[in-house]
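The values are calculated or read from the model by the stated rules, or taken from the named source; none is laboratory data. Just so it is clear, the structure is predicted and the values come from calculations on it, not from any experiment. Note that each Cβ is placed from the backbone with ideal geometry, even for glycine, and that neighbours are counted across all protein chains shown. Areas reflect the complete protein model, heavy atoms only, side chains present, ligands, DNA and RNA absent. Shrake-Rupley method; radii C 1.70, N 1.55, O 1.52, S 1.80 Å.
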Amino acid sequence: MPDQMPPDPTREALLDAALMHVPFDGWSEAAFRAAVRDAGVDMALARALFPRGAVDLAVAFHKRGDAAMLERLARADLLGMRMRERIAFAVRVRLEVAGDKEAVRRGATLFSLPPYAPEGARLIWGTADAIWTALGDTERDFSYYTKRATLAGVYSSTVLFWLGDDTPDSSATWAFLDRRIEDVMRFEKARQNPVIKGVLAGPEWVFDRLRSRTPRDASDMPGRWSRPTPQE
């Protein structure tokens with residue numbers, strides 16, 4: 001989920017300044033230094049706020065988009081939509097609030113690099129989690145993870161399509177998104193099938209047992225050793 005703390009003015013100023021340079025320099029050290037200069041922020045403070053420089057700025061840019069999406073979703077009449085429509089609407093809002101397509105493109109390039117790929121995966125997962133949570137799905141069962149993994153795939157593929165879409169009003173992207181939503185709904189329908197329910201019953205039972213286990217229950221786990229209790 002996006003950060004719930006109020007935006008820091010200095011962080012926001014640095015990010016806004018960076019977005020002027022990212023289309024030309026990418027999320028790079030050059031863009032970071034230019035942002036520090038343009039925002040009039042001391043370099044030591046800028047490094048304290050963004051220790052990894054432009055990488056942390058790119059992360060902040062993505063999280064800003066998630067926060068903006070949640071604000072719009074909170075104002076929308078989601079109750080009047082079917083679940084399929086809610087999911088499509090949320091993904092569409094997320095792309096619309098992204099703003100600068102070139103900044104998103106440069107971010108996708110950055111987070112495709114091996115050192116930053118895990119960070120990129122966490123950000124996409126966070127977006128999927130934010131969407132499902134905003135739509136009211138908060139139950140921490142087995143489907144919590146499968147739903148988010150499926151939506152993360154839908155979201156990431158739609159972003160890549162959107163980056164190459166030059167149709168008016170991104171109409172081709174929204175058509176592509178509607179087709180990808182079928183993946184999410186197909187999974188939900190499959191879960192209601194008695195056969196699939198039986199297949200998932202085992203993994204769900206294991207997951208529930210692991211989730212409900214507390215530290216005090218761990219004493220009987222294999223490999224655990226406890227100090228013998230002194231005899232009376």
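Listing for the model above:
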read-out	value
Prolate/oblate/rounded call for the stretch 110-167, Cα gyration tensor, a/c under 1.5 rounded	oblate
Loop-resident sites, the stretch 69-157, for GluC sites (Glu not before Pro), counting at most 12 other Cβ within 10 Å (DSSP)	Glu139
Kirkwood Rh and Cα Rg combined as Rg over Rh, evaluated for the stretch 48-178	0.96
Hull-based mean projected area of the stretch 55-114, where the convex hull spans the alpha carbons, in square nanometres	4.7
Segment Ala13-Trp125, extension gain: residue separation times 0.36 nm, minus the distance between their alpha carbons	37.7 nm
Shape category assigned to the stretch 80-148 from the gyration tensor of Cα positions, a/c cut at 1.5	oblate
Over the stretch 1-112, volume per residue of the alpha carbon convex hull, in Å³	108
Residues Asp42 and Arg84, FRET efficiency given R0 of 45 Å [Cβ-Cβ distance, rounded to 0.05]	0.35
Whole-angstrom gap from the stretch 44-79 to the stretch 106-148, using each part's C-alpha centre	14
Average accessible area per residue (Å²) across the stretch 67-126 - probe 1.4 Å, nucleic acids and ligands excluded	55
Backbone HN-Hα couplings from phi across the stretch 22-27 [Karplus 6.51/-1.76/1.60, Hz, Gly and Pro as x]	4, x, 9, 10, x, 7
Inter-label distance for Leu160 and Met20, nm, one decimal - labels placed 7 Å from Cα along Cα-to-Cβ	3.4
Relative contact order (%) - criterion: Cα under 8 Å, at least six apart; region: the stretch 16-143	27
